[in-house]
1. Can you list residues whose amide H is under 5 Å from residue A:95's amide H, if they're 5+ apart or on another chain and H is modeled 1.01 Å from N?
2. Apply the Karplus curve 6.51 cos²θ - 1.76 cosθ + 1.60, θ = phi - 60°, to the phi angles in the stretch A:35-50 and return the couplings in whole Hz, x for Gly and Pro.
3. Tell me, what does the Kirkwood hydrodynamic radius of the protein assembly as shown come to in angstroms if you use every pair of distinct C-alpha atoms?
4. Could you list which residues have their amide H under 5 Å from that of residue B:81, counting only those 5 or more apart in sequence or on another chain, with H placed in the peptide plane?
5. What whole-number distance in Å separates the alpha-carbon centres of the stretch B:48-102 and the stretch A:1-41?
6. Using a 10 Å cut-off around each Cβ of peptide A:85-96, what is the average number of partner chain Cβ atoms that fall inside?
7. Just tell me how shielded A:62-69 is by partners: mean number of partner chain Cβ atoms within 10 Å of each residue's Cβ, no decimals.
8. Roughly how many nanometres apart are two label points built 7 Å out from the Cα toward the Cβ at residue B:14 and residue B:31?
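The values are calculated or read from the model by the stated rules, or taken from the named source; none is laboratory data. Because the structure is a prediction, the values reported are computed rather than measured. Cβ atoms come from the backbone with ideal geometry, glycine included; neighbour counts cover every protein chain shown. The area values use the complete protein model at the heavy-atom level, side chains included, leaving out ligands, DNA and RNA. Shrake-Rupley method; radii C 1.70, N 1.55, O 1.52, S 1.80 Å.
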Amino acid sequence: MYLGRITGRLVATTRTTPGLEGVRFQWLQPLDEKGKPMGRQLVAAVTLDVGPGDLVHFIDGREAALALPGETFVPIDATVTGYVEQLAIGGRDLARDEC
Amino acid sequence: MLIAQVVGTVVAPVQIPLLEGRSLLVVRPVDPHGKPTGKTRVAIDRIGAGEGDRVLVIDEGNSGRQLLDAPQGAVKTVIVGFIDAIELGGRIVFDHRRGDIG
């Protein structure tokens, strides 16, 4: 899993893809251990109660589909797996420092 | 598997069910000399590691699922061991009591 910051939301109609009911899409910036951007922003599937501004961890690859409840054979390559409330690195809490 | 340095801890109250109650640590992949070699990521800790430890990390789904006994689990990165020492070319380059040795 990687750290990330959700920066936006998007709505996409995916009628042709069964198994994505209740899955929302959000725009996410992966972060490094200093809270700085790491790599390109990406679209992540979201079923947890998170939204723009939230610090999260997410998983990619095949595991992204496995992270979704119910039907797990869906074409998803990144899924938010948790809302990070505290990120203690080097004695600082990066979740509170608004990195 | 990766060698990694534990650089922090994650507290995440809202998570996918698989991760409930599991301890998460931030790990930085490093080479045998301790130099960063990859993207820092979040790992499931199975051994009670803490910030500052040099650890062995599995970073592959199938092994992760076996470790957690979760055949459909969304798991990839799991800490599986403490690294006590690394020998390279006949020389000890890392010892957990003294850290990186040149």
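1. A:87
2. Each residue of the stretch A:35-50 in turn: x, 8, x, 10, x, 6, 6, 8, 8, 10, 7, 9, 10, 8, 8, 10 Hz.
3. Hydrodynamic radius (Kirkwood, Cα pairs) of the protein assembly as shown is 17.4 Å.
4. Counting only residues 5 or more places away or on other chains, the set is B:56.
5. 28
6. Taking all residues of A:85-96 together, the mean is 4.
7. The per-residue average across the peptide is 5.
8. Output for this residue pair reads 4.2 nm.
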